[in-house]
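Below: the structure, in structure tokens.
The values are calculated or read from the model by the stated rules, or taken from the named source; none is laboratory data. Here the structure is a predicted model, which means the values were calculated and not measured. As a convention, Cβ positions derive from the backbone with ideal geometry for all residues, glycine included, and neighbour counts pool all protein chains shown.
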């Protein structure tokens, strides 16, 4: 049984985040063909989290709400959206 693309992406993101931030906690989940990343890292580390996650996102919507596939990388699995939410304590 092969894993879904979303499951593959969530696993890869989780692995990269753990390597980059070994002492931080992340929750990576798959819902409705999206990968959501919940994290509680320092403000100065947020850009690194975005950098890691955006590699796995195919594109984004433009001003007309049209989806633009501008980040395709056939060497890794990717999904349409990676939703990143930062939890505040």
Subset of the stretch 68-86 [under 13 Å from residue 52 (Cα atoms), at pLDDT 85 or above and surrounded by 14 or more Cβ atoms within 10 Å (Cβ to Cβ)] = 78, 82
Check whether at least one residue in the stretch 2-23 is at pLDDT below 85, surrounded by fewer than 12 Cβ atoms within 10 Å (Cβ to Cβ) and touching a strand residue (DSSP E or B) at 6+ places or on another chain (Cβ under 7 Å), and report yes or no.
-> no
